[in-house]
1. From the list L56, L93, L84, L31, which one is at pLDDT below 95 and surrounded by 14 or more Cβ atoms within 10 Å (Cβ to Cβ)?
2. Which members of the range 58-77 meet the condition of being among the hydrophobic types (A, V, I, L, M, F, W, C) and out of contact with any Leu (no Cβ under 9 Å at 6 or more places or on another chain)?
3. May I ask you to say which residue of V11, V18 is closer than 23 Å to Q128 by Cα and in contact (Cβ under 8 Å) with a residue 60 or more places away in the chain?
4. Name the one entry in L30, L41, L56, L6 that is touching a Pro at 6+ places or on another chain (Cβ under 7 Å), in contact (Cβ under 8 Å) with a residue 60 or more places away in the chain and either of a type outside the set (D, E, K, R) or more than 20 Å from Q128 (Cα to Cα) (or both).
5. Failed condition for L49, given (1) touching a Lys or Arg at 6+ places or on another chain (Cβ under 9 Å); (2) surrounded by 15 or more Cβ atoms within 10 Å (Cβ to Cβ); (3) without any contact (Cβ under 8 Å) to a residue 40 or more places away in the chain, with all others met?
6. Would you tally the residues in the range 107-118 being loosely packed, with under 15 Cβ neighbours inside 10 Å and within 30 Å of A53 (Cβ to Cβ)?
7. Which pairs have Cβ atoms under 7 Å, sit 6 or more apart or on different chains, and link a residue in the range 117-128 that is at positive phi to one that is crowded, with 21+ Cβ neighbours inside 10 Å and among the aliphatic types (A, V, I, L, M)?
8. Considering only residues that are aliphatic (A, V, I, L, M) and without any contact (Cβ under 8 Å) to a residue 60 or more places away in the chain, which ones fall in the range 71-105?
Amino acid sequence: MQDKHLFEYAVIRVVPRVEREEFLNVGVILLCSKQKFLKMLYHLDRERLQVFAKELDMEALEENLRSFQRIALGGIDAGPIGELDAASRFRWLTATRSTVVQTSKVHPGFCGNGDDTLGRLYNQLVLQ
């Protein structure tokens, strides 16, 4: 187990009508503090989203997801939150909110490589 490190992840969801609590998975965010790894991947299946919620503003949604990605990467381009440490940015991004872009509860696991684990989860939870 020495080459395995604790990681946490959450699924990023689009919830077009918050009151209905219906959602589509569009991304995954993964934190592995030991590896100093925080990254988010997302994919918008515009056709599927339009069928699901035709009133959805795709450009605004894409900008919100890009903001999530900037904050995950950190740095000045992400504003004040982007300057926090990775764990704090992850907690901020995965905090419960009632908006169109939400995250699932945080789930733990063990991984050897953050990129590989993120790719596997992204494939299973978003692309399939």
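The values are calculated or read from the model by the stated rules, or taken from the named source; none is laboratory data. Because the structure is predicted, anything quoted here is derived from the model rather than measured. Note that each Cβ is placed from the backbone with ideal geometry, even for glycine, and that neighbours are counted across all protein chains shown.
1. L56
2. Across the range 58-77, the qualifying residues are A60, I76.
3. V11
4. Going through L30, L41, L56, L6 in turn, the sole match is L6.
5. (1)
6. Total satisfying the criteria: 1.
7. From the range 117-128, no pairs qualify.
8. The answer is I71, A72, L73, I76, A78, I81, L84, A86, A87, A95.
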